[in-house]
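Here the structure is laid out as structure tokens; the discussion comes afterwards.
The values are calculated or read from the model by the stated rules, or taken from the named source; none is laboratory data. These numbers were taken from a predicted model, which means no experiment stands behind them. Cβ sites come from the backbone with ideal geometry, for glycine too, and all protein chains shown count toward neighbours. Side chains included, ligands, DNA and RNA excluded: accessible areas come from the protein's heavy atoms. Shrake-Rupley method; radii C 1.70, N 1.55, O 1.52, S 1.80 Å.
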Amino acid sequence: MPDGPTADPSPRVDVPPRHPLPWALYLGCSWTWVIGMFLPALLLRDYGWEGFWVFAIPNVIGAAAMGFVLRNADAATRLATEHRQAVRWFSWWTIAFHAFALPWLIEGVLVTGPGFGNGGGLLMAATLMAGMCAVVLQGRWRAVMVAAALVAAVSWGIAAAFLPTLDPDAPQFKPRLTELDLLFFAAPNLLGFLLCPYLDATFLRARASMSVGGGRVAFAVGFGVVFASMIAFAALYGRTILEGVYVEDIQFAAPLQLSLLALFIALQGSLTVALHLRELRRPIPDTLAPPIQRTTQPIVLTLVAVGLIAGLIAALTHREAEYLLPVPELIYRAFLTAYGVVIPAYVWLVIWPNLKPPADPAVDRTRRIFAFAAASILAYPAGLIGFTTGPAWCMALCAAIVTFARLPIGIPRISPATAEVVSEPASN
């Protein structure tokens, strides 16, 4: 007789859960970036509460809609595989954005608050990110879902502890920009939040792991409830975080609440980074992907990089506006502008299918790639100028460039009923 139980030689398969509620928490937390945690404060300062609603409504609707537009798991898998390079670039850009913004925001809150500054923000961000990455990268899907649930619970708890400290009689934000400026901002904002979700690897993973009905429930609850609550909290602490980053004296929160606010930013941001790193380590199989176009890809990358550099130089040297942004906020907005220009341009020009199938798919792919490159190199500098120093109408100009760059490609499909072939004109 054997001395002990025989070990099972076959390893356990780490299968993602199919129930929508864990995915709802996963989605809501994965989308709570340094955008949702800080941009509402900037928009309240710049445009007042109208700016917050212009940001929040397209953000929630655009992200939730992905669960309906990609009607089934196969649609998400095909998009992720056929455009795997773009999906990976999206993740790396997002990770770099957080690597810059998390220490800046956390340090800003802690230095002028409880006095933990002088490196405390960087230490907190690095420690939490390392721990979160260890759990998310090394753990099975069950551990990932538990981590997302705990982060959501802690975030809601922090909000509950923070809210009683707010002064309801505090003066309201007096917008520094006009309603016309807000209208110009709305154009790239709408493009970004309606189109960016289709390159988010965490969204594609979630949609590919659920049934038709489960995906719709997860995306609706994840963004209509979980994520919406996070950005509502960000609007309420907006004055405090602006004071922490820019002012020497914080008047609207006690040291304990400031420490909790820093913890909230660190936890949410660390989870986002860890989830994207997990997807970079666990790529969706590329059996459906076409060969990489070795000729066009370096050209496109070069042109887009030139556009990004030109945009930064233009914004740094432009001096028309009376209000000049601090350098950290300028860098923050430079990262953010890519989500309103370059990334939606890729989805709109390269991924989104035509009303009629192309006669020659290879020619169609090349045309789309170069339309994307041309639109990016023209629109990014205009968008960055409009979003930083002004004039604000440059933001509307960049949105128009991206939108009308579609003309050489063909008439796009509109009905979500055709979303199962949204990744038809694949390209890398």
**Prompt:** Got a sec? Which helices (runs of 4 or more DSSP H) wholly within region 204-248 have at least 2 residues that are farther than 30 Å from ARG278 by Cα?
**Reply:** 238-246
**Complete:** Within region 52-85, the count of residues that are hydrophobic (A, V, I, L, M, F, W, C) and touching a Ser or Thr at 6+ places or on another chain (Cβ under 8 Å) comes to 3
**Prompt:** In this structure, does ALA56 turn out to be open to solvent by less than 20 Å² (accessible area, probe 1.4 Å) and either in contact with a Lys or Arg (Cβ under 9 Å, 6 or more places away or on another chain) or outside any helix (DSSP H, G or I) (or both)?
**Reply:** no
**Prompt:** Pairs, please: C-beta under 9 Å, at least 6 apart or cross-chain, first residue free of Cβ contacts under 8 Å to residues at least 60 places away in the same chain and in region 350-371, second basic (Lys, Arg) and in a loop (DSSP other than H, G, I, E, B)?
**Reply:** LEU355/ARG413; ALA371/ARG406
**Message:** Can you say whether ASP74 is of a type in the set (D, E, K, R), more than 14 Å from the chain's Cα centre (by Cα) and open to solvent by less than 10 Å² (accessible area, probe 1.4 Å), as far as the supplied structure shows?
**Reply:** no
**Request:** Go over the candidates VAL87, VAL154 one by one and state the one that is open to solvent by 20 Å² or more (accessible area, probe 1.4 Å), closer than 18 Å to ALA274 by Cβ, in contact with a Leu (Cβ under 7 Å, 6 or more places away or on another chain) and modelled with pLDDT of 80 or more.
**Result:** VAL154
